[in-house]
Each structure stands twice: as C-alpha cells, then as structure tokens.
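Peer 1: Sending over a structure as structure tokens; questions will come in a sec.
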Amino acid sequence: MRVVITGQDTFSQCMDIKPDYWAYFYSPHAKLPTQFEEFVCAHKSSYCFNDIDDLEDIVDADKRALLKAVTQQQIHSLIADIEGWICANETTNICLLFSCYAGISRSPAASFIALCMWLSHIPEKTIAHYMREKNSYITPNKAMCHYADVLLERNGRLLQAAQDIGRGKEAYSGGLTCLDTADLFS
C-alpha cells in the first residue's frame, strides 16, 4: 500500500498518482478546491474542520466561536472509508491520498490512522517514527488521533505514538510525502 500526503501547494505533483481513495481536509472558511471536483479518483471524501487539537486551548472566546473542531463522527466516517478500501483490496497495490491545506497535521494524521489500520501487527510507535523519518515537518493532529485511538480500540497507543514524535519542524508546508508500507518490512 502507498500513502501520499500533500498540501495545496504540492497537489499538482499528484496528478499522475491516480489514487484509489482521496480524503481532503479543509477549514470551514475555505472552499473545496476546484481540483477536488476535477481530479479523477475511484472514491473521494471531504472533511470540514479547523486544524486544532482542542478548542479549550483557544483562550480568546471570540476566536473559539469561529472555529470548528473535528468530531468523533468525522473520524468514524474516515475510518469506515479506509476500512472499505482495505477490505475490498486483497492486494497491497492500493494508493491512498490524503491532503489538507499544508500537509502537516490533518493529512498526516489520516495517513497515520490508515497505516495503523493496514499494518495492525506493527506497533503504532514504529509507524509514527517511520513517518517522521520520511518528513520532519509532520505533526499528526492529536484530536484526530485521539478519536481514532478510541474507535479502533488501541488503548492509548495510537495517540501516544503521535504525541511521542512531538511537533515537527516549523514550516508553511509539509511538501509531498510518499509512504510505502514495503519500507516498513525492509
């Protein structure tokens, strides 16, 4: 299985990838990009929420009122979509594309969730460290990881692994990151 993480500024590099599934994460104040409608893909999903870990961390009440946090239902839908592709494909030749504004937090969290589901026999911390080695900027969204941890019954391991790799390097964009599950077996 291949997993591709991208932000808006590197999305054009994905045109030749031809993923089986594409999940796009965007903020409520933004619109779905035109590429979402134009891009040919077997299945697409979009999820609308701000890239925040916890609304309680936002001290300014006026600012907090403008933000929308991820919900458990959204992560449940994401997991169901990923599970559908994992169950429907006996082969490892599937490609999942996850994109968000910068490719730093929401799409890496979704990628981490997908990899943990596909590679359930590999410790979550091994997968998190593999992702960090591939891209020093990624910082998986903790709220997404928390909900996935609960829904997948990982007993805190998925969230802890995301927290253990810490915050990635500061960047405007995480660039394009291609993860191949075969790398974890070599």
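Peer 1: Does any residue of the range 102-121 turn out to be exposed (fewer than 14 other Cβ atoms within 10 Å of the Cβ) and either at pLDDT below 90 or not aliphatic (A, V, I, L, M) (or both)?
Peer 2: Yes, the range 102-121 has at least one match.
Peer 1: Separate question: So, in the range 119-146, exactly how many residues are without any contact (Cβ under 8 Å) to a residue 24 or more places away in the chain, hydroxyl-bearing (Ser, Thr, Tyr) and in a helix (DSSP H, G or I)?
Peer 2: 0
Peer 1: Examine the range 47-55 for a residue that is part of a strand (DSSP E or B) and surrounded by fewer than 17 Cβ atoms within 10 Å (Cβ to Cβ), and state whether such a residue exists.
Peer 2: yes
Peer 1: What are the residues in the range 93-110 that are in a strand (DSSP E or B), under 10 Å from residue 24 (Cα atoms) and either free of Cβ contacts under 8 Å to residues at least 12 places away in the same chain or among the hydrophobic types (A, V, I, L, M, F, W, C) (or both), if any?
Peer 2: Selection gives 97, 98.
Peer 1: Which condition from (1) farther than 19 Å from residue 175 by Cβ; (2) at pLDDT 80 or above is the one that residue 54 breaks?
Peer 2: Only one criterion in (1) farther than 19 Å from residue 175 by Cβ; (2) at pLDDT 80 or above is unmet by residue 54, namely (2).
Peer 1: Follow-up question, since we're still on this one. Determine the pairs where a residue that is closer than 13 Å to residue 97 by Cα, located within the range 161-180, has a partner that is outside any loop (DSSP other than H, G, I, E, B) and among the hydroxyl-bearing types (Ser, Thr, Tyr) with Cβ atoms under 6 Å apart, the partner being 6 or more residues away or on another chain.
Peer 2: 176/6; 176/10
Peer 1: Looking at the range 137-162 only, could you name the residues that are over 15 Å from the mean Cα position of the chain (by Cα) and not β-branched (Val, Ile, Thr)?
Peer 2: 151, 152, 153, 154, 155, 156, 157, 160
Peer 1: Same structure, new question: So residue 113 clears everything in (1) assigned to a loop (DSSP other than H, G, I, E, B); (2) out of contact with any strand residue (DSSP E or B) (no Cβ under 8 Å at 6 or more places or on another chain) except one condition, right? Which one?
Peer 2: Result: residue 113 fails condition (1) only.
The values are calculated or read from the model by the stated rules, or taken from the named source; none is laboratory data. What you see is a predicted model; the values in this text were computed from it and never measured. Cβ: placed from backbone, ideal geometry, glycine included. Neighbour counts: every protein chain shown.
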